[in-house]
Structures are given as C-alpha cells and as structure tokens.
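As structure tokens, the structure follows; a few thoughts come after it.
The values are calculated or read from the model by the stated rules, or taken from the named source; none is laboratory data. Model, not experiment: these values are computed from the prediction. Virtual Cβ from ideal backbone geometry, glycine too; neighbours counted across all protein chains shown.
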Ligand SMILES: *Cc1c(COP(=O)(O)O)cnc(C)c1O
C-alpha cells in the first residue's frame, strides 16, 4: 500500500508459504508471480526468481515492481542474491518475516532486510502475543510515515482528518503489554529453541531429512520440519505419532500454484510440490523438556525400525 502497488503490477514471491504472503498481493489487485524454492532451505530460489522476472519482462503484460521473500520456518531467505536481483531490475523488497523474528545472518537480524519488513505476533510465531498483532520495520522515514497513517484509517493531522484509504491495524495496548514482557525473555527463548533443534537433529538425522541451516545463519525455529520419503510414509508416521500422543502439523499441504484461487500448472514448481508432499513439523517451543524431545525422537526412530 505504501508503494501504491495496483492492478497491472507483478509481485514476485515464493510458491511455498502461508496463504497471507500471496493474499496481500491479490488484495491490492496486483498479480503474484510464484517462484519455486530451494530444497534445502524451503525459501525462494534466487536463480529461478531471475528467470521469472525475465519472463514477465518479455511478455510485457505486467510491470515488475516488488519481491516478497519469506523466511520460512525461521531461516532467512538468501538476501545476498535477492538484493542483487532487485537492484538489477529496480525492484523493491518486502521481507515477510512473520516466522523469523529473532533470526539472523552474520549478526544482521531478521526484519532488517529489504526496503520494508513485516513480522507477525500471532501466538504460534517465535514472538507471540495472546491474540493478533504484528509490526512493520523500515529505515525509510517516508515509508514509516505513510505506514503510521495507513495503520489508523489513513489518518492525517488528527483522528478525523483522513487523507488516504487505510486500515484498522492498530496493535492493542493489551497485546503490546504482553509483548513488552515477552521481549525481555526472548533472547533466552531463542537459545533454548536452537538447543532443542540441535538435539532433534542429532537424534533424527539417520532416519529422516532434518532441517538444514546454512553457515552464518541462525534460525528462530518457528517450526522444526523434517522430510520423509513420500506421502504414504508421512501419513503412516503422522498416525503412529498420534497414537503415541504426539501432535504434528503439515506446513504446507499445497503450494500456492495448486490453490484453487490461483490454479497454475504444476510442472513449473517441482520442488515445492515434492516438499509439500513430504514435509512434517514436529513439536517445537522453548520449554520442551529433555524427556519430551527424547520421546518425540524415540517414537520417530521406533516407527522407522
Ligand atoms: C503467519 C504468517 C503471516 C500472517 O500473519 P498475520 O499475523 O496472520 O497477519 C504472513 N506470512 C507468513 C509466512 C506467516 O507465517
């Protein structure tokens, strides 16, 4: 909304994320152009991003405007490559950091990449409030000023001076109070999540594909997601874990291109298709006890044995 994205504009994003990432593009009347993912990180593949941008330029039906990388499950996207591509085609970047608050690359924190970043404080995210909340980050004062206006129904000089079409996007005082307190223990929680993830990976790496975090990256572990051989194995493993009282979740069962709303051919997205059929998220939060981690791990190992 800050950049006036509208009908006729192309916004490039990953084919594998929560629906909201694609939804906001369509909400403004623009066209989302989906890009397949990297199999190791589940994040947008920069090489394929470049190809898709070239394709849109060649077809000259849409105007390329923006890239929305997502830091899926808490690991940052490859911004070194994405920033080069954005520069080359004069596009701006919105970091979808809904799952990555607290993550970093060489001490550069999530929510500081691109031109604008957005995170979510939904309870299931790394820093969750007790309802709905979120934050926008930018180092551009002009953008920040427009965001502040949009947040309160397009407010101008005062409450009843409305100078643009905005939203009700205020953060409740109650949620803010909860977040301020949780923020104080957040760094400790991040360390705990990383310890738990390492422990899972040590125990499980001989049985399933464990998440790969590249060198110099620290994940915020919104999810700990393993990969199994195929859809049938996943179904049986989910059932086996359920019988043993262990909940699991599948993020995401369908890549965007297979959603009825978009319904695009799937041969362009082999990796996101494969990942959507074989991924499984197991319990992850900072207060999982050693017994819990062992129980989850041992039950998965038992399934394979
Ligand atoms: C949760 C999530 C969102 C949306 O967050 P809300 O707080 O529901 O608006 C957007 N993108 C991703 C990747 C998410 O996981």
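The residues in the range 113-129 that are closer than 21 Å to residue 79 by Cα and within 10 Å of the ligand (Cβ to nearest atom) can be counted, and the count is 3. Scoring residue 89 on the criteria (1) within 16 Å of the ligand (Cβ to nearest atom); (2) surrounded by fewer than 23 Cβ atoms within 10 Å (Cβ to Cβ); (3) farther than 27 Å from residue 176 by Cα leaves a single failure, condition (1). The criterion of being crowded, with 21+ Cβ neighbours inside 10 Å, closer than 27 Å to residue 163 by Cα and at pLDDT 95 or above holds for residue 11.
Contact map, the range 118-135: residues that are over 18 Å from residue 221 (Cβ atoms) paired with residues that are assigned to a loop (DSSP other than H, G, I, E, B) and within 10 Å of the ligand (Cβ to nearest atom), Cβ distance under 6 Å, separation 6+ or inter-chain. Pairs shown: 129/121; 133/121; 134/121.
Take the conditions touching a helix residue (DSSP H, G or I) at 6+ places or on another chain (Cβ under 8 Å) and either surrounded by 12 or more Cβ atoms within 10 Å (Cβ to Cβ) or at pLDDT 95 or above (or both) and apply them to residue 249. Does it pass? For residue 249, the condition - touching a helix residue (DSSP H, G or I) at 6+ places or on another chain (Cβ under 8 Å) and either surrounded by 12 or more Cβ atoms within 10 Å (Cβ to Cβ) or at pLDDT 95 or above (or both) - is not met. From the list 202, 236, the one residue that fits, being assigned to a helix (DSSP H, G or I), touching a residue at least 12 places away in the same chain (Cβ under 8 Å) and loosely packed, with under 15 Cβ neighbours inside 10 Å, is 236. Could you tell me whether residue 276 is more than 23 Å from residue 196 (Cα to Cα) and assigned to a helix (DSSP H, G or I)? For residue 276, the condition - more than 23 Å from residue 196 (Cα to Cα) and assigned to a helix (DSSP H, G or I) - is met.
Of the residues 73, 42, which is on the phi > 0 side of the Ramachandran plot, outside any helix (DSSP H, G or I) and surrounded by 16 or more Cβ atoms within 10 Å (Cβ to Cβ)?
Details: 73 fails: outside any helix (DSSP H, G or I).
Only one candidate qualifies: 42.
Residues of the range 140-149 include at least one that is out of contact with any helix residue (DSSP H, G or I) (no Cβ under 7 Å at 6 or more places or on another chain), within 16 Å of the ligand (Cβ to nearest atom) and farther than 30 Å from residue 248 by Cα. Exactly one residue out of 68, 94, 44 is more than 14 Å from residue 117 (Cα to Cα), within 17 Å of the chain's Cα centre (by Cα) and within 16 Å of the ligand (Cβ to nearest atom), and it is 44.
Of the residues making up the range 103-112, just one is away from the ligand (no atom under 14 Å from the Cβ), in a loop (DSSP other than H, G, I, E, B) and in contact with a strand residue (DSSP E or B) (Cβ under 8 Å, 6 or more places away or on another chain), namely 112.
Taken as a whole, the structure places residue 135 among residues that are within 11 Å of the ligand (Cβ to nearest atom) and either surrounded by fewer than 19 Cβ atoms within 10 Å (Cβ to Cβ) or not in a loop (DSSP other than H, G, I, E, B) (or both). Looking only at the range 76-102, residues that are outside any loop (DSSP other than H, G, I, E, B) and in contact with a strand residue (DSSP E or B) (Cβ under 8 Å, 6 or more places away or on another chain) come to 11 in all. Could you check, for the range 15-33, whether at least one of its residues is in contact with a helix residue (DSSP H, G or I) (Cβ under 8 Å, 6 or more places away or on another chain) and more than 16 Å from the ligand (Cβ to nearest atom)? Checked against the condition, which is being in contact with a helix residue (DSSP H, G or I) (Cβ under 8 Å, 6 or more places away or on another chain) and more than 16 Å from the ligand (Cβ to nearest atom), the range 15-33 yields at least one hit.
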